[in-house]
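As C-alpha cells, the structure follows; a few thoughts come after it.
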Amino acid sequence: LRRVTLAHARRLEAVQPSITLAMNARAQALRAEGHDVFAFGVGEPDFDPPAYILDAARAAVGDGVSKYTAVTGIPALKSAICKMTEDRRGWSPKPAQVTVSVGAKHALFNVALALYEPGDEVVIPAPYWVSYPEQVKLCGATPVIVETDPESGFKMTPEALERALTPKTKALILCTPSNPTGSAYDEAHLQALLEVWEKKSDSWLVVDEIYADLVYEGFKHVSAARIAERARSRMVVIDGVSKTYAMTGWRIGWSITPEPLAKALNVVQGQSTTNPTALAQRAAVAALEGPFAEIAKMRDAFEKRRNVMLEELRKIDGVKCHTPEGAFYAFPDFRALQGFVHGDKRVENDEDLAFFLLDAARVAAVPGSGFGAPGFLRFSYATSEDRIRAGIGAVRDALARARG
C-alpha cells in the first residue's frame, strides 16, 4: 500500500500568509491587554450601514428569509446590480451575466479558479491588493508584476503594460480606485491602457471596481466596460456592497462576466459555498435600490478624513505621500526613516517599522511589502478625524524619540 502523507498540498508553498492578518492579531492582543490602539490597518468603514438597509434585513427576518437561494444569487439582487451598473457605471449588463458571491474576494477567487492554469501569466500592477498574486499562484499560474512609483501616481503606463504582455498572458488585473494606494485611472489613461490591451493581447481583463463610488475632489470614475464595449466578451468586472455601503461583514460581492464564464462560475460556486447568505442578499437589494444621499455623506466624510490624514502625515520629516483620488487609504513613503535602532533591534524595513509603531505608538498600519511596495505603509482613514490626528501624532512622536 502507498503510504499517505499528512502534509499540506504543495500549492500552498507558493502562497504568502497575509501580513494584514498578522498585524491585526497583534493589535487585538494589545487591546485585550487594555491598550488603546489606533486602527489604521483594516480596510473597513467605521460607519454603520444606512438605516434603510438594516430595516430591510429586519423585514427579511420577519418574512422568514432563511432558506437556500439560487447558487449565484436571487433575481431581485441581480436586477438591482444591473440597474446600478447602468445608472452609475454607464453600461448595461444582463442578469445572466451576474454571479453574486460571498464578498468581492470570493468573486475574484471564483474567477481565478475558472480561468487560470499552470503555464498562464497574469499581469498585475504594483502596488497591488495582497490577494491578487496569491490567488493566481494558488491556481498554479504566474503573476507578472508591473512596477509603478509615486511620481506617476502609482499608475501603470501603456508602455509598461505592453512590455508585460506575452503570448502566455491569460489576464490583466486592474483595481481602480486602488487598494492600497487610493490611486485611480482617469478616462484618458484608462483608454490608453485598454487600447494596448485590446491590440496586443487576446487575454481577459479583470477590473476591480469595489471602490468606484468613493472618489474625491470631483474625480470621475469611468468603468472599463463602458470604454471598451467591443471587448466585453473577455472582460470581468468585480464589485460589491462592502465598502460603499459599510457592509463588510455582510459578505456580498459579485462579478459581471460574459454569459459562458458566468455559467462556469455557477459550477465553481455550486461546489464551494453555494449561495451567499439569503438575508444579506435582501439587504444588498435595499442598499442598491435605496437613496444615494446617505452614501454621499459617507463619501464626503472620507474626503475630509483623507485631507486630515495627508496633512498629518506630511508633518513627519522625511515622509512623502501621494494624494489618493479614491478609496480610503493613504500610502506614504517611509523609506527615508528606516535604519534606526529601537531597544535591541534595528528597524531595517517596512515590516519592522510597522511592528515598531504598533508597540511604541499603539498605531496599526500595514507594511507596504505585502502589497509589492517595500518601504511604504498603508494607513486606512476609515476612522474619525480626531483619531487620525491623535494617531499620526503618536507616530510622529514615537519616531522622533527613537531617532533622536
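Taking only pairs six or more apart or across chains, which ones have beta-carbon atoms under 8 Å, a first residue in segment 254-265 that is of a type outside the set (A, V, I, L, M), and a second residue that is open to solvent by 40 Å² or more (accessible area, probe 1.4 Å) and assigned to a helix (DSSP H, G or I)?
So the pair list comes out as P258/R232; P258/S233; P258/R234; E259/A96.
Which of the residues belonging to segment 210-223 are over 19 Å from A112 (Cα atoms) and either in a strand (DSSP E or B) or open to solvent by 10 Å² or more (accessible area, probe 1.4 Å) (or both)?
D213, V215, E217, G218, F219, K220, H221, V222
Restricting to segment 358-375, and then to whatever is more than 29 Å from D300 (Cβ to Cβ) and among the aliphatic types (A, V, I, L, M), can you tell me which residue is least open to solvent (accessible area, probe 1.4 Å)?
If we take residues in segment 358-375 being more than 29 Å from D300 (Cβ to Cβ) and among the aliphatic types (A, V, I, L, M), then L358 is least open to solvent (accessible area, probe 1.4 Å).
Would you point out which residue out of R335, R396, R378 is buried (at least 22 other Cβ atoms within 10 Å of the Cβ) and either touching a residue at least 24 places away in the same chain (Cβ under 8 Å) or acidic (D, E) (or both)?
Just one listed residue meets the conditions, R378.
Which of (1) under 17 Å from K105 (Cβ atoms); (2) touching a residue at least 12 places away in the same chain (Cβ under 8 Å); (3) surrounded by fewer than 23 Cβ atoms within 10 Å (Cβ to Cβ); (4) not charged (D, E, K, R) is the odd one out, the single condition G290 does not satisfy?
(1)
Looking at E351, E312, can you tell me which residue is open to solvent by less than 20 Å² (accessible area, probe 1.4 Å), part of a helix (DSSP H, G or I) and acidic (D, E)?
E312
Determine whether segment 359-374 contains at least one residue that is without any contact (Cβ under 8 Å) to a residue 60 or more places away in the chain, closer than 20 Å to P127 by Cα and under 21 Å from the mean Cα position of the chain (by Cα).
For segment 359-374, residues without any contact (Cβ under 8 Å) to a residue 60 or more places away in the chain, closer than 20 Å to P127 by Cα and under 21 Å from the mean Cα position of the chain (by Cα): present.
When the residues of segment 224-272 are filtered to those that are polar (S, T, N, Q) and out of contact with any Ser or Thr (no Cβ under 8 Å at 6 or more places or on another chain), which remaining residue is most open to solvent (accessible area, probe 1.4 Å)?
Q271
Please work out which one of (1) in contact (Cβ under 8 Å) with a residue 12 or more places away in the chain; (2) assigned to a helix (DSSP H, G or I) is the condition E151 fails and give its number.
(1)
Identify, from the list V285, V207, the residue that is at pLDDT 95 or above, in contact with a helix residue (DSSP H, G or I) (Cβ under 8 Å, 6 or more places away or on another chain), among the hydrophobic types (A, V, I, L, M, F, W, C) and not in a helix (DSSP H, G or I).
V207
Of the residues in segment 76-102, how many are under 14 Å from A284 (Cα atoms), surrounded by fewer than 23 Cβ atoms within 10 Å (Cβ to Cβ) and either of a type in the set (F, W, Y) or touching a strand residue (DSSP E or B) at 6+ places or on another chain (Cβ under 6 Å) (or both)?
Of the residues in segment 76-102, 0 are under 14 Å from A284 (Cα atoms), surrounded by fewer than 23 Cβ atoms within 10 Å (Cβ to Cβ) and either of a type in the set (F, W, Y) or touching a strand residue (DSSP E or B) at 6+ places or on another chain (Cβ under 6 Å) (or both).
Out of the residues in segment 253-280 meeting the condition of being out of contact with any strand residue (DSSP E or B) (no Cβ under 6 Å at 6 or more places or on another chain) and outside any helix (DSSP H, G or I), tell me which one is farthest from Y216 (Cα to Cα).
Only one residue tops the list, namely Q271.
Right, G153: at pLDDT 95 or above, open to solvent by 40 Å² or more (accessible area, probe 1.4 Å) and under 26 Å from Y329 (Cβ atoms) or not?
Answer is no for this residue.
Failed condition for A390, given (1) in contact (Cβ under 8 Å) with a residue 40 or more places away in the chain; (2) within 25 Å of the chain's Cα centre (by Cα); (3) open to solvent by 10 Å² or more (accessible area, probe 1.4 Å), with all others met?
(2)
Do the conditions hold for I145, that is, is it in a strand (DSSP E or B), within 16 Å of the chain's Cα centre (by Cα) and among the aliphatic types (A, V, I, L, M)?
Judged against the criteria, I145 is not a match.
Any idea which residue in segment 77-131 is farthest from D213 (Cα to Cα), counting only those that are assigned to a loop (DSSP other than H, G, I, E, B) and without any contact (Cβ under 8 Å) to a residue 40 or more places away in the chain?
P118
Taking T169 as the residue in question, decide whether it is under 19 Å from the mean Cα position of the chain (by Cα) and not basic (K, R).
no
Take E303 and decide whether it is modelled with pLDDT of 95 or more and surrounded by fewer than 22 Cβ atoms within 10 Å (Cβ to Cβ).
Considered against the rule, which asks whether it is modelled with pLDDT of 95 or more and surrounded by fewer than 22 Cβ atoms within 10 Å (Cβ to Cβ), E303 comes out as yes.
The values are calculated or read from the model by the stated rules, or taken from the named source; none is laboratory data. Predicted model only: the values in this text are computed from it and were never measured. FYI the Cβ positions are ideal-geometry reconstructions off the backbone, even for glycines, and counts take in every protein chain you see. Ligands, DNA and RNA are excluded from the accessible area calculation, which covers all protein heavy atoms including side chains. Shrake-Rupley method; radii C 1.70, N 1.55, O 1.52, S 1.80 Å.
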